[in-house]
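The values are calculated or read from the model by the stated rules, or taken from the named source; none is laboratory data. Everything numeric here is computed off the predicted structure, so don't read it as measured data. Backbone-built Cβ (ideal geometry, glycine too); neighbour counts: all protein chains shown.
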Amino acid sequence: MTATIGERLAEARVNVARAAKVSGRDPGQVQLVAVSKTHPPEALQEAMEAGQFLFGESRVQEARAKIPLLPARGRWHFIGHLQKNKIRAALPLFEQFHSVDSWETAEQFDRIAQEESQRPNVLLEVNVAGEASKYGFSPEGLVARIEKLMALHRLEIAGLMTIAPFHPEAEHSRPYFAQLRELRDRLEREAGIGLPQLSMGMSGDYLVAIEEGATAVRVGSAIFGTRKGKQWTPPAGLD
């Protein structure tokens, strides 16, 4: 029998708590972001009925159509690559952006936030593994840019984010998560700043990420299951 969304959520919460305790941390220090992109509002409603209110979306049009269809208790994080021409539309929708991935994007974000009188809370995406297929600052590039980034007046930079290279074994991700934590520690030490948040870990490796210091994990298929067939798209007139 296929597990329900509520049952998968309960299992994920138990796993988060266990991994946090293994690393000597309070489970309350780890946010579970339910990655809801491509899933219909009915699935998110089911998750809300099971007590999950923090969701991650990666397409502005989809989120803009989906959010009004759900209870106001929902909280929304943007977790994908944000195109510069979508920043203005995204600003009022999300409480945090996980993926400011370049100086140019950060600068544009800051300018538009100024025009819209917003103070977006953001994480800086780091391409720890140096994968050509992924966005993000290189570790040394971020070290070189951090003072300029922190000087942007409208951005509230809360921490760092990374995506480990795909591998079927979760332990393969551990060195990349450790490198992000060490980079964060280095930036805090050398630049005298606070970067308390680390967003890292997905359905296949989130337990390892928590053991390495993650404060937010982005879990999709382990909660909602694998999407089969046509993905959810906004109804006509709502996009």
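Taking only pairs six or more apart or across chains, which ones have beta-carbon atoms under 8 Å, a first residue in the range 24-39 that is among the basic types (Lys, Arg), and a second residue that is part of a helix (DSSP H, G or I) and buried (at least 23 other Cβ atoms within 10 Å of the Cβ)?
Final answer for the pair search is 25/210.
Looking at residue 189, is it in contact with a Gly (Cβ under 7 Å, 6 or more places away or on another chain), at pLDDT 95 or above and among the charged types (D, E, K, R)?
It is false that residue 189 is in contact with a Gly (Cβ under 7 Å, 6 or more places away or on another chain), at pLDDT 95 or above and among the charged types (D, E, K, R).
Can you find a residue in the range 155-162 that is within 19 Å of the chain's Cα centre (by Cα) and under 30 Å from residue 42 (Cα atoms)?
Yes, that holds for at least one residue.
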